[in-house]
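Everything on this sheet refers to the single structure shown next.
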Amino acid sequence: MAETIARRPMPRTLYRASAAPAPETGALDHDISAQVVIVGAGFTGLSAALHLAEAGVDTVVVEASAIGWGASGRNGGQVNPGLKWEPEELEHGFGADLGGRMVRLGDEAPALVFDLIARHGIDCAPKRGGTLRAAVSERSAEGVRAYQRQWAARGADVVIAEGKEMAALTGTGAYPLGAHDRRGGQVNPLGYCRGLARAAQAAGARLFTDTPAIRLARHAGGWELSTPKARISAAQVILATNGYSDNLWPGLRRSVIPVFSSITATEPLPPDLAAPIMPSGIVLYEMSASYAYYRLDEAGRFVMGGRSVLRPASAPDDFRALVDHATRLFPVLKAVEWTHRWNGQVAVTRDHLPHLHEPEPGLLIGLGYNGRGVAMATAMGRMLARRASGGGQEVLDLPVTRIAPILGHALWPLAVKARLKWDRLRETFGR
């Protein structure tokens, strides 16, 4: 039996207060059948549902809580290109064919997000001002330069900004240089998730919330998914539960580390205070041990995220490190009120790549975006839809791997703390 997270309220995020309403849904209370049933109404599941429904495939989505309840409705709203591995690493590690397809997957993922937003009229404050990968040390500067060089060699619009140019782009002199990647941008992630749900519904997909999946079993040549009040018969199943994966399928929960990421946001800044901060609408993420990332949203709020406590949190003291970092970068933020704070789980994989599994015929699993879920989960959902609607191995731009539970998974908080301390030491000494 799966552990459930049913009927937990939506966290009190900025996005909950500002996103367009979710489409009308309810709990499933009677037995049904479909060609494909999807577990999870985040970016992966809803992108898969939308693409399947548009292809004429009868599709059902079940969600234990509300649409966008997990990381899809809580993340930093940055639409970042690429995978954690750089292009040369992918091509060397996976060969010219598959490695090249993985590079293209990361390259094209942001465009897929913005194309879906435009095509379906999704109300989510999209802005494609690009992303800045910012160096904080000699070591990270080397990585930033390698990132720019490799992507520029493959035709991507990525340029180095340093010195006064970097300061002008960000509004702070804290960074020696950065890579300005014009493929990326920002969205209200909960608004985007709800928009995907609305588009999937309009295309014919059936969505059920407050409907946890509690058992999955083979049945009559296909699958039977049990929920508290009903059963769903389907030829194929897609599991799209990411950082909130449970024990519905053996070993899946223990194959990723559910690392917490925290975000805090200010009140809308007065125009004179907001003007110098990220003036071109760029979003930024640091190449640092804290993995800090930030942006100004459509209302002029400063939205700051990064690592913090490894548990659910909402108390101001749990976010003090993020506020302190933000005010060191931009001292004018000391004079404003920080009105929202929340956190949630991001699925981190052992190899820092998204994982695609097909443990049995008719069962597909996609998860593990390592903090880049807006673009990559959307692309994963489309890929899973293509496979579930009859595509062969050629539609899969990631390797299909076995589910590999992480040894000592129960000790992951200790491992994460130790790794963070080590990363900070290396950063301090520029190694």
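The values are calculated or read from the model by the stated rules, or taken from the named source; none is laboratory data. All values derive from a computational prediction rather than experimental measurement. So basically every Cβ, Gly included, is an ideal-geometry build from the backbone, and we count neighbours across all protein chains shown.
Does ILE38 qualify as being part of a loop (DSSP other than H, G, I, E, B) and under 24 Å from GLU224 (Cα atoms)? Don't jump to the end; show me each part of the working.
Working: part of a loop (DSSP other than H, G, I, E, B): no; under 24 Å from GLU224 (Cα atoms): yes.
Criteria not met by ILE38.
Screening region 289-317 for residues that are touching a residue at least 12 places away in the same chain (Cβ under 8 Å) and of a type in the set (Asp, Glu) and picking the one that is farthest from GLU337 (Cα to Cα) gives GLU298. The set of residues in region 27-50 that are surrounded by 24 or more Cβ atoms within 10 Å (Cβ to Cβ) and β-branched (Val, Ile, Thr) comprises VAL36, VAL37, ILE38, VAL39, THR44.
Whenever a residue of region 32-43 is β-branched (Val, Ile, Thr), its partners that are in a loop (DSSP other than H, G, I, E, B) and surrounded by fewer than 24 Cβ atoms within 10 Å (Cβ to Cβ), lying with C-beta atoms within less than 6 angstrom and at least six residues away or across chains, give the pairs VAL36/VAL57. Filter region 380-401 down to the residues that are touching a residue at least 12 places away in the same chain (Cβ under 8 Å), out of contact with any helix residue (DSSP H, G or I) (no Cβ under 6 Å at 6 or more places or on another chain), assigned to a helix (DSSP H, G or I) and over 12 Å from LEU105 (Cα atoms) and list them by number. Passing the criteria: only ALA388. Which condition number in (1) out of contact with any helix residue (DSSP H, G or I) (no Cβ under 7 Å at 6 or more places or on another chain); (2) modelled with pLDDT of 95 or more; (3) of a type in the set (Gly, Ala, Ser); (4) surrounded by fewer than 24 Cβ atoms within 10 Å (Cβ to Cβ) is the one that GLY129 fails? All conditions pass for GLY129, except number (2).
Here the condition is being charged (D, E, K, R) and in a loop (DSSP other than H, G, I, E, B); of ARG145, ARG154, ARG133, it holds for ARG154 alone. When VAL158, VAL113 are screened for being at pLDDT 95 or above, over 28 Å from THR209 (Cα atoms) and crowded, with 24+ Cβ neighbours inside 10 Å, only VAL158 passes. Picking from residues in region 306-351 that are touching a Leu at 6+ places or on another chain (Cβ under 7 Å) and under 21 Å from GLN78 (Cα atoms), the one that is surrounded by the fewest Cβ atoms within 10 Å (Cβ to Cβ) is THR327. On inspection, ALA220 passes the criterion of being of a type in the set (A, V, I, L, M, F, W, C), surrounded by fewer than 17 Cβ atoms within 10 Å (Cβ to Cβ) and modelled with pLDDT under 95. Within the set GLY106, GLY93, GLY82, the sole residue that is small (Gly, Ala, Ser), surrounded by 18 or more Cβ atoms within 10 Å (Cβ to Cβ) and in a helix (DSSP H, G or I) turns out to be GLY106.
Give me the residue from region 17-35 that is assigned to a loop (DSSP other than H, G, I, E, B) and more than 30 Å from HIS340 (Cβ to Cβ) and, out of that set, nearest to the chain's Cα centre (by Cα). Going through the qualifying residues, I end up with LEU28.
Strands (runs of 3 or more DSSP E) fully within region 302-379 that include at least 1 residues being over 14 Å from the mean Cα position of the chain (by Cα) and under 24 Å from ALA240 (Cα atoms): 338-348, 355-360, 363-367. Please tell me if GLU88 is surrounded by fewer than 18 Cβ atoms within 10 Å (Cβ to Cβ), touching a helix residue (DSSP H, G or I) at 6+ places or on another chain (Cβ under 6 Å) and in contact (Cβ under 8 Å) with a residue 40 or more places away in the chain. The answer is yes for GLU88.
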